[in-house]
Amino acid sequence: MKQIFILIRLALIVLVFVPCTGFAGTDGAIQLNKEPRGAITLKKAVALALLNNPQLQAFSFEQRAREARALQSDLMPNPQLEIMVEDAVGSGNFNGFNQSQTTIQLSQLVELGGKRAARLRANTLSKKLADWDYETKRMQVLTQVAKAYADVLKAQQQVSLTEDLVHLGEKFLNAVDERVRAGKVALLEKIKSEISLSSMQIELKKAQRDLKVARSNLSVTWGSPKAQYESALGDLFEISMIPTLESLMERLINNPDLARWTTETEQRQAVLDSELSKRIPDVTLQGGFRRLETTDDNALVFGISIPLQLFNRNQGAIEEARHKLGKVQAEKRAMEVSIKKNLLETYNTLVFFHSQVISIKAEILPGAQKAFDGINEGYRFGKFGY
């Protein structure tokens, strides 16, 4: 039993490293907007978690936030309106507005060097990185659901086995009681059987408590701290074939922690391009209308403003972006090595337990069942002591 459960847990761990889209499919008949009741399936549990998991919902807000940031980065700077009155409300000849000059002027910042396009590309790629982050979290949630579901199956099986032991203990106690009444065994044998039955009943309560905890751990994955469903459907003793290590390695390219690095490289290059574009100064164009009260004349005013890049040419930010871009390959390689190492270790352990479970199921369990049946039958006819 323990080896079988370990096998299932290890098989589910592989999901972290080798994504599978099979979980994403949902049955049209599944009611995802309601708390499940009765018996549930793994497919339904996965669908509920993908729709209602609080962590996934938080990531979806991050995706929208980065999408909004990309939208903001594509907007042009707003023009400025300036109204200025000079030579007015002073002393002497300037005590009113007769000598005043009134200027109404508009100014517009014009970004040069492709700043807006570079900024937009960097933020658009940042949004794509958020998509990869969401995909990573989605795979983690899928694995969490699968592990929690296996825990429920294990706990259900443990309760069932313990209930069988309690029922068996009750039968033995009745049989011992009859043999005590018949004077075939001492009263001490009945006391021993009562103690044994009490221990089994305690184990049953513990198993029922563990099942309650396991059911709650599963329902938490779709945001419900209290489980409303009654049971999980599944067979712990159904052992599937293990895929080859080569096929799993080939599927690693779909792992979001690896697939994201192409986008990561592009995004860091876009950030560098954005910082490089800031070396080119922007210009501010100005134009407007001026009223001269002293001569009753009107005139146009216009000008241009250009900052002088004498000291700050964005050198520090450019170097920072270059260094971050330079370390992408090293980070990607480190992640690839780590994931392959974890997959290899998990796979080897999985193969080991898989062979053990097959051996137990094919050889040990049948023999143990025969021995148990023989002992049980022998005790019923008084061939063995309790």
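The values are calculated or read from the model by the stated rules, or taken from the named source; none is laboratory data. Here the structure is a predicted model, which means the values were calculated and not measured. Cβ sites come from the backbone with ideal geometry, for glycine too, and all protein chains shown count toward neighbours.
Observations on the structure shown:
- Of the residues making up region 167-187, those that are assigned to a helix (DSSP H, G or I) and either basic (K, R) or within 15 Å of L211 (Cβ to Cβ) (or both) are K171, R179, R181.
- Boolean, R268 is modelled with pLDDT of 95 or more, part of a helix (DSSP H, G or I) and among the basic types (K, R): yes
- Here L161, L153 are screened, and the one residue that is in a helix (DSSP H, G or I), in contact with a Gly (Cβ under 9 Å, 6 or more places away or on another chain) and farther than 30 Å from A259 by Cα is L153.
- Filter result for K184 (over 30 Å from T346 (Cα atoms), basic (K, R), touching a Phe, Trp or Tyr at 6+ places or on another chain (Cβ under 9 Å) and in contact (Cβ under 8 Å) with a residue 24 or more places away in the chain): no
- Residue within region 320-339 that is in a helix (DSSP H, G or I), among the β-branched types (V, I, T) and exposed (fewer than 11 other Cβ atoms within 10 Å of the Cβ) present: yes
- Residue match in region 236-247 (condition: within 30 Å of Q158 (Cα to Cα), surrounded by 15 or more Cβ atoms within 10 Å (Cβ to Cβ), over 22 Å from the mean Cα position of the chain (by Cα) and aromatic (F, W, Y)): no
- Matching residues in region 90-110 - criterion: being out of contact with any Pro (no Cβ under 6 Å at 6 or more places or on another chain) and either aromatic (F, W, Y) or closer than 22 Å to A299 by Cα (or both): F94, G96, F97, N98, Q99, S100, Q101, T102, T103, I104, Q105, S107
- For region 103-160, the tally of residues that are touching a Lys or Arg at 6+ places or on another chain (Cβ under 8 Å) and of a type in the set (G, A, S) stands at 5.
- Checking A155 against (1) surrounded by 14 or more Cβ atoms within 10 Å (Cβ to Cβ); (2) within 21 Å of F372 (Cβ to Cβ), the condition it does not meet: (2)
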